[in-house]
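The values are calculated or read from the model by the stated rules, or taken from the named source; none is laboratory data. Keep in mind that this is a model prediction, so the values were computed, not measured. Cβ atoms come from the backbone with ideal geometry, glycine included; neighbour counts cover every protein chain shown.
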Amino acid sequence: MRMLSLTLAAGLGLLVGTRADAAITLGLSSVEDATIQFTGTGSQSTVTFANGLGGNSFAITTVDDSPGGSPTGLFGTISGAFTYMVKDITTFGPTKTPVQVAELSGSGVLSIGPAGGPTLTADLVGIDLFSFGATGGYNGLSSAINLTNFSYSGSNDALSQLRDEGSEGGGIASISYQFGSAKSLTTLAAAGLTTTTYSGTITTVPVPVPVPEPGTMGLALSGVAILGLGLYRQRAQSLA
(Lines give C-alpha, C1' and ligand atoms only; values in the text may rest on other atoms or scores of the structure.)
Protein backbone atom coordinates (compact mmCIF):
# COMPACT_ATOMS: atom_id res chain seq x y z
CA MET A 1 0.00 0.00 0.00
CA ARG A 2 2.91 2.30 0.70
CA MET A 3 4.01 1.96 -2.95
CA LEU A 4 0.46 2.72 -4.05
CA SER A 5 0.33 5.87 -1.96
CA LEU A 6 3.66 7.07 -3.25
CA THR A 7 2.64 6.40 -6.82
CA LEU A 8 -0.63 8.28 -6.46
CA ALA A 9 1.11 11.17 -4.73
CA ALA A 10 3.71 11.40 -7.47
CA GLY A 11 1.07 11.30 -10.16
CA LEU A 12 -1.01 14.02 -8.54
CA GLY A 13 2.10 16.09 -7.97
CA LEU A 14 2.69 16.18 -11.71
CA LEU A 15 -0.76 17.70 -12.18
CA VAL A 16 -0.31 20.63 -9.84
CA GLY A 17 0.78 23.76 -11.74
CA THR A 18 3.27 25.57 -9.53
CA ARG A 19 3.46 29.33 -9.86
CA ALA A 20 6.76 31.12 -10.35
CA ASP A 21 8.71 32.15 -7.26
CA ALA A 22 8.20 35.67 -5.98
CA ALA A 23 9.97 38.23 -8.12
CA ILE A 24 12.97 40.11 -6.81
CA THR A 25 12.22 43.66 -5.65
CA LEU A 26 14.83 46.35 -5.09
CA GLY A 27 13.98 49.45 -3.07
CA LEU A 28 15.80 52.66 -4.00
CA SER A 29 16.18 56.19 -2.72
CA SER A 30 17.89 59.22 -4.25
CA VAL A 31 21.32 59.98 -2.80
CA GLU A 32 22.38 63.34 -1.41
CA ASP A 33 22.05 66.15 -3.96
CA ALA A 34 20.39 63.83 -6.51
CA THR A 35 16.96 64.94 -7.71
CA ILE A 36 14.16 64.30 -10.15
CA GLN A 37 13.87 67.43 -12.29
CA PHE A 38 10.88 68.92 -14.13
CA THR A 39 11.78 71.44 -16.81
CA GLY A 40 8.64 73.18 -18.01
CA THR A 41 8.15 75.29 -21.12
CA GLY A 42 4.50 76.16 -20.66
CA SER A 43 3.22 73.56 -23.10
CA GLN A 44 5.16 70.58 -21.80
CA SER A 45 7.54 69.34 -19.12
CA THR A 46 10.63 67.18 -19.46
CA VAL A 47 11.56 64.85 -16.62
CA THR A 48 15.21 63.96 -15.95
CA PHE A 49 17.18 62.45 -13.08
CA ALA A 50 20.18 64.48 -11.94
CA ASN A 51 23.12 62.70 -10.32
CA GLY A 52 24.32 63.63 -6.86
CA LEU A 53 27.48 62.99 -4.92
CA GLY A 54 29.86 60.53 -6.49
CA GLY A 55 28.04 60.59 -9.81
CA ASN A 56 25.17 58.42 -8.57
CA SER A 57 21.47 59.09 -8.82
CA PHE A 58 20.15 56.63 -6.24
CA ALA A 59 21.18 53.96 -3.76
CA ILE A 60 19.63 50.51 -3.43
CA THR A 61 18.20 50.39 0.09
CA THR A 62 16.46 46.99 0.22
CA VAL A 63 16.50 43.68 -1.64
CA ASP A 64 13.51 41.37 -1.22
CA ASP A 65 12.93 37.79 -2.44
CA SER A 66 16.54 37.24 -3.41
CA PRO A 67 18.41 34.50 -1.51
CA GLY A 68 21.84 35.93 -0.77
CA GLY A 69 21.02 39.28 -2.35
CA SER A 70 22.08 42.42 -0.48
CA PRO A 71 21.72 46.17 -1.10
CA THR A 72 25.16 46.88 0.37
CA GLY A 73 27.23 49.11 -1.89
CA LEU A 74 24.79 49.17 -4.81
CA PHE A 75 24.19 52.53 -6.51
CA GLY A 76 22.56 53.53 -9.76
CA THR A 77 21.80 56.17 -12.36
CA ILE A 78 18.92 56.94 -14.71
CA SER A 79 19.83 58.57 -18.00
CA GLY A 80 17.57 59.94 -20.70
CA ALA A 81 14.67 62.39 -20.80
CA PHE A 82 10.91 61.80 -20.54
CA THR A 83 8.35 64.34 -21.72
CA TYR A 84 4.62 64.92 -21.32
CA MET A 85 2.41 67.50 -23.02
CA VAL A 86 -0.05 69.76 -21.19
CA LYS A 87 -2.70 69.05 -23.83
CA ASP A 88 -2.51 65.36 -22.99
CA ILE A 89 -3.10 65.73 -19.24
CA THR A 90 -6.22 64.00 -17.92
CA THR A 91 -7.75 65.44 -14.74
CA PHE A 92 -10.24 63.65 -12.50
CA GLY A 93 -11.28 63.40 -8.86
CA PRO A 94 -12.15 66.12 -6.33
CA THR A 95 -11.84 69.73 -7.52
CA LYS A 96 -9.70 70.80 -4.56
CA THR A 97 -7.11 68.03 -4.94
CA PRO A 98 -7.59 66.46 -8.37
CA VAL A 99 -5.51 63.66 -9.80
CA GLN A 100 -3.70 64.44 -13.04
CA VAL A 101 -2.25 61.80 -15.36
CA ALA A 102 -0.23 62.17 -18.55
CA GLU A 103 1.52 59.82 -20.91
CA LEU A 104 5.33 60.06 -20.95
CA SER A 105 7.40 59.75 -24.09
CA GLY A 106 11.14 59.23 -24.21
CA SER A 107 13.67 56.61 -23.21
CA GLY A 108 16.87 56.13 -21.26
CA VAL A 109 19.00 53.59 -19.46
CA LEU A 110 18.83 52.42 -15.86
CA SER A 111 22.18 51.31 -14.43
CA ILE A 112 22.97 49.62 -11.10
CA GLY A 113 26.29 48.43 -9.79
CA PRO A 114 28.86 48.50 -7.01
CA ALA A 115 31.75 50.93 -7.01
CA GLY A 116 34.21 49.82 -9.68
CA GLY A 117 31.56 47.77 -11.53
CA PRO A 118 30.56 45.74 -13.38
CA THR A 119 27.20 47.41 -13.88
CA LEU A 120 23.76 46.06 -14.70
CA THR A 121 21.97 48.02 -17.42
CA ALA A 122 18.42 47.93 -18.76
CA ASP A 123 16.58 50.03 -21.32
CA LEU A 124 14.01 52.29 -19.68
CA VAL A 125 10.99 53.86 -21.39
CA GLY A 126 8.50 56.45 -20.23
CA ILE A 127 5.01 55.16 -19.41
CA ASP A 128 3.03 57.73 -17.46
CA LEU A 129 3.27 60.38 -14.76
CA PHE A 130 0.68 61.35 -12.18
CA SER A 131 0.21 64.05 -9.55
CA PHE A 132 -2.05 64.19 -6.51
CA GLY A 133 -1.64 67.17 -4.20
CA ALA A 134 2.01 67.33 -3.16
CA THR A 135 2.80 63.78 -4.30
CA GLY A 136 3.39 62.22 -7.69
CA GLY A 137 4.88 59.28 -9.44
CA TYR A 138 6.57 57.95 -12.55
CA ASN A 139 4.88 54.74 -13.73
CA GLY A 140 3.08 54.81 -10.41
CA LEU A 141 -0.48 54.17 -11.59
CA SER A 142 -0.16 51.68 -14.42
CA SER A 143 2.89 49.83 -13.07
CA ALA A 144 3.55 48.64 -16.62
CA ILE A 145 6.67 46.87 -17.83
CA ASN A 146 9.17 49.59 -18.73
CA LEU A 147 12.51 47.80 -18.33
CA THR A 148 13.87 45.52 -21.06
CA ASN A 149 17.20 44.35 -22.56
CA PHE A 150 18.87 43.55 -19.26
CA SER A 151 22.65 43.09 -19.33
CA TYR A 152 25.05 42.15 -16.52
CA SER A 153 28.33 40.23 -16.46
CA GLY A 154 29.19 40.40 -12.76
CA SER A 155 28.64 37.99 -9.87
CA ASN A 156 26.45 40.03 -7.49
CA ASP A 157 23.57 37.75 -6.45
CA ALA A 158 20.86 40.40 -6.53
CA LEU A 159 21.92 41.86 -9.88
CA SER A 160 22.31 38.41 -11.44
CA GLN A 161 18.79 37.48 -10.34
CA LEU A 162 17.45 40.82 -11.58
CA ARG A 163 19.08 40.21 -14.97
CA ASP A 164 17.79 36.64 -15.28
CA GLU A 165 14.23 37.38 -14.20
CA GLY A 166 14.09 40.64 -16.12
CA SER A 167 15.32 38.98 -19.30
CA GLU A 168 12.56 36.40 -19.02
CA GLY A 169 9.53 38.47 -18.04
CA GLY A 170 10.56 42.14 -18.10
CA GLY A 171 10.96 44.64 -15.30
CA ILE A 172 9.04 47.49 -13.70
CA ALA A 173 10.63 50.68 -12.38
CA SER A 174 8.30 52.94 -10.38
CA ILE A 175 9.38 56.26 -8.88
CA SER A 176 7.51 58.39 -6.33
CA TYR A 177 8.25 61.94 -5.20
CA GLN A 178 6.85 64.60 -2.90
CA PHE A 179 6.96 68.38 -2.66
CA GLY A 180 6.43 70.72 0.27
CA SER A 181 3.19 71.96 -1.30
CA ALA A 182 0.74 70.81 -3.96
CA LYS A 183 2.15 70.77 -7.50
CA SER A 184 0.02 69.41 -10.32
CA LEU A 185 1.37 68.26 -13.67
CA THR A 186 0.03 71.51 -15.08
CA THR A 187 2.06 73.47 -12.51
CA LEU A 188 5.19 71.44 -13.24
CA ALA A 189 4.80 72.21 -16.95
CA ALA A 190 4.84 75.97 -16.33
CA ALA A 191 8.05 77.68 -17.48
CA GLY A 192 10.90 76.94 -15.10
CA LEU A 193 12.76 74.20 -13.24
CA THR A 194 11.34 72.26 -10.28
CA THR A 195 13.29 69.61 -8.38
CA THR A 196 12.79 67.24 -5.47
CA THR A 197 14.09 63.98 -4.04
CA TYR A 198 12.53 60.60 -4.80
CA SER A 199 12.30 56.93 -3.94
CA GLY A 200 10.92 53.87 -5.65
CA THR A 201 11.16 50.20 -6.53
CA ILE A 202 12.56 48.02 -9.28
CA THR A 203 10.95 44.62 -9.65
CA THR A 204 10.62 41.84 -12.18
CA VAL A 205 7.55 40.07 -13.54
CA PRO A 206 7.25 36.35 -12.70
CA VAL A 207 6.43 34.10 -15.63
CA PRO A 208 3.53 31.84 -14.50
CA VAL A 209 3.72 28.09 -15.01
CA PRO A 210 0.84 26.89 -17.23
CA VAL A 211 -1.87 24.90 -15.43
CA PRO A 212 -3.43 21.95 -17.33
CA GLU A 213 -6.90 22.54 -18.78
CA PRO A 214 -9.82 20.60 -17.22
CA GLY A 215 -9.87 18.06 -20.05
CA THR A 216 -6.18 17.36 -19.72
CA MET A 217 -6.50 17.19 -15.94
CA GLY A 218 -9.31 14.63 -16.16
CA LEU A 219 -7.38 12.42 -18.57
CA ALA A 220 -4.30 12.53 -16.40
CA LEU A 221 -6.29 11.71 -13.26
CA SER A 222 -7.80 8.73 -15.05
CA GLY A 223 -4.31 7.52 -15.87
CA VAL A 224 -3.23 7.86 -12.27
CA ALA A 225 -6.30 5.94 -11.09
CA ILE A 226 -5.67 3.09 -13.56
CA LEU A 227 -2.02 2.97 -12.51
CA GLY A 228 -3.03 2.80 -8.85
CA LEU A 229 -5.57 0.04 -9.52
CA GLY A 230 -2.99 -2.01 -11.40
CA LEU A 231 -0.52 -1.75 -8.54
CA TYR A 232 -3.26 -2.69 -6.06
CA ARG A 233 -4.16 -5.87 -8.03
CA GLN A 234 -0.51 -6.76 -8.37
CA ARG A 235 -0.16 -6.41 -4.63
CA ALA A 236 -3.26 -8.56 -3.97
CA GLN A 237 -2.08 -11.38 -6.27
CA SER A 238 1.32 -11.49 -4.61
CA LEU A 239 -0.35 -11.98 -1.22
CA ALA A 240 -2.75 -14.74 -2.47
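A compact table of results
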| item | result |
| --- | --- |
| Some residue of the range 23-40 being surrounded by 13 or more Cβ atoms within 10 Å (Cβ to Cβ), more than 20 Å from Phe130 (Cβ to Cβ) and modelled with pLDDT under 95 | yes |
| Hey, Phe82 buried (at least 21 other Cβ atoms within 10 Å of the Cβ) and under 16 Å from Thr187 (Cβ atoms) or not | no |
| Boolean, Asp123 is closer than 23 Å to Val31 by Cα, acidic (Asp, Glu) and in the same structural domain as Gln44 (by TED's automatic domain parsing) | yes |
| Some residue of the range 160-174 being modelled with pLDDT of 95 or more, of a type in the set (Lys, Arg) and under 29 Å from Val63 (Cβ atoms) | yes |
| Filter result for the condition that a residue is among the small types (Gly, Ala, Ser) and outside any helix (DSSP H, G or I), over Gly166, Gly200 | Gly200 |
| Sole exception among (1) touching a residue at least 60 places away in the same chain (Cβ under 8 Å); (2) among the hydrophobic types (A, V, I, L, M, F, W, C); (3) part of a strand (DSSP E or B) for Ala158, by number | (3) |
| Selection count where residues are surrounded by fewer than 16 Cβ atoms within 10 Å (Cβ to Cβ) and touching a strand residue (DSSP E or B) at 6+ places or on another chain (Cβ under 7 Å), scope the range 86-97 | 6 |
| The range 83-126 - residue that is aliphatic (A, V, I, L, M) and outside any strand (DSSP E or B) and, of those, nearest to Ala173 (Cα to Cα) | Leu104 |
| Residue in the range 126-162 that is nearest to Gly80 (Cα to Cα), counting only those that are surrounded by fewer than 17 Cβ atoms within 10 Å (Cβ to Cβ) and either outside the structural domain of Phe49 (by TED's automatic domain parsing) or among the β-branched types (Val, Ile, Thr) (or both) | Thr148 |
| Spans of strands (runs of 3 or more DSSP E) in the range 26-82 with at least 2 residues over 22 Å from Gly171 (Cα atoms) and touching a helix residue (DSSP H, G or I) at 6+ places or on another chain (Cβ under 8 Å) | 35-40, 44-50 |
| Test set (1) among the hydroxyl-bearing types (Ser, Thr, Tyr); (2) within 25 Å of the chain's Cα centre (by Cα); (3) more than 20 Å from Ile60 (Cβ to Cβ); (4) at pLDDT below 95 - Thr135 fails condition number | (4) |
